[in-house]
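Participant: There's a structure below that I have some questions on.
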Amino acid sequence: MISISKAEGSYKVKALHPFKIFGIQIMATEKFYKLSDDHTCWYRLDSGKKASHNKQIKLNKWLKDHQKFIEKK
């Protein structure tokens, strides 16, 4: 994860997804996610697709860990 922000009442996350072969990172892509208005699901900003279950778990954990710092801003 790179950054998380709260805008217009919803959370947005910028995540870096590395691609590794034999433990060596060959490239990385940035993906942007947005938490739904009812705070139940994460969606990709570029395609509007729902994030995978494993990705949603990671995003929710990251949000939980950093939410107190975001709310102070």
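The values are calculated or read from the model by the stated rules, or taken from the named source; none is laboratory data. Treat the numbers as computed from the prediction; the structure is a model and nothing was measured. Counting neighbours? That spans all protein chains shown, and the Cβs are built from the backbone with ideal geometry, glycine included.
Participant: So the check is Cβ under 6 Å with 6+ separation or different chains; which pairs have a first residue in segment 45-71 that's free of Cβ contacts under 8 Å to residues at least 40 places away in the same chain and a second one that's assigned to a loop (DSSP other than H, G, I, E, B) and of a type outside the set (Ser, Thr, Tyr)?
Facilitator: Listed pairs, sorted by first residue: Lys50/Cys41.
Participant: Right, next: Just for strands (runs of 3 or more DSSP E) wholly inside the chain: which have at least 1 residues that are at pLDDT below 85?
Facilitator: 3-7, 10-21
Participant: Turning to a different aspect of this structure: Starting from residues that are farther than 21 Å from Phe69 by Cα and of a type in the set (Lys, Arg), keep the ones in segment 25-54 and report whichever is surrounded by the most Cβ atoms within 10 Å (Cβ to Cβ).
Facilitator: Lys31
Participant: Checking the structure you have, find out if any residue of segment 3-24 is surrounded by fewer than 10 Cβ atoms within 10 Å (Cβ to Cβ) and within 12 Å of the chain's Cα centre (by Cα).
Facilitator: no
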